[in-house]
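All remarks here apply to the structure that follows.
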Ligand code: KIV
């Protein structure tokens, strides 16, 4: 990727090279995805599940999202930093919505915000756009609606629901969002939406026809606890297994005395060691004054 990604650059990629988007939730994960060339970095409210151990994204608050988004921003990635607006941060009033989106930008360093929902959220989306904050839409299986949907279900499987989603996508695009995440929808619906609207679609569980793809970092790295993964997740690594094996090996080395090795150990200069041995061997004399060199021994330790 050449230079810093921006919302207008993402929008301009409609129909072009596929956009690469991934989640990150803190400084090291932001550095990892940045080194890999992520074009869009989503500080997703999925952090509720994959980082904080909650059973639903609706458990995460705006303050927590700000805390994590700020950590990602400190990595100064080239990818566009999108802060996810958590449940209830854009549902109560237009004023609250703009204030909350503004906090993600001003306090945390987000360069755009994402919020879930279609026409129902248009007033809020327009207000955030009016405050000059780029907005990414999110349609289909919107996890913050888990109770309203009656669980995490693929959306738009019937023609009526699919047609409604298409109309929502048009409404968001007309409002001026710079891209739309399509989550958990049949591929044909994602294909139609992608063809019909003039902003990039970014799929997750939406088939191959979208303008880009997004996955949750911990899912693709195999960093979870082995719990259920949706069928659209491809695991490119098993880092949790690798991490367990590494920690087990460390424990084995501690037990066997193989850790720490000599070159992982600080040493005293031979002369000081000799003086110490003599002091310890001689009669105990707490009042005895030691030479300045010995008192400085700590400072001389190699790092
Ligand atoms: O929170 C998240 O990670 C998301 C992606 C799944 C799109 O919203």
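Points worth noting:
- Matching option when the condition is part of a strand (DSSP E or B) and in the same structural domain as residue 211 (by TED's automatic domain parsing), among 66, 58, 32, 41: 41
- Flag if residue 154 is within 15 Å of the ligand (Cβ to nearest atom), in the same structural domain as residue 203 (by TED's automatic domain parsing) and farther than 30 Å from residue 26 by Cβ: yes
- If you go through the stretch 211-229 and keep only what is within 16 Å of the ligand (Cβ to nearest atom) and without any contact (Cβ under 8 Å) to a residue 60 or more places away in the chain, you end up with 221, 227, 228, 229.
Conditions (1) in contact with a strand residue (DSSP E or B) (Cβ under 8 Å, 6 or more places away or on another chain); (2) surrounded by 24 or more Cβ atoms within 10 Å (Cβ to Cβ), marked per residue:
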{"position": "78", "(1), (2)": "no, no"}
{"position": "83", "(1), (2)": "yes, yes"}
{"position": "87", "(1), (2)": "no, no"}
{"position": "104", "(1), (2)": "yes, yes"}
{"position": "114", "(1), (2)": "yes, yes"}
{"position": "122", "(1), (2)": "no, no"}
{"position": "126", "(1), (2)": "no, no"}
{"position": "136", "(1), (2)": "yes, yes"}
{"position": "142", "(1), (2)": "yes, no"}
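The values are calculated or read from the model by the stated rules, or taken from the named source; none is laboratory data. Being a predicted model, the structure only gives us computed values, none of them experimental. In this analysis, Cβ positions are derived from the backbone assuming ideal geometry, glycine residues included, and neighbour counts consider all displayed protein chains.
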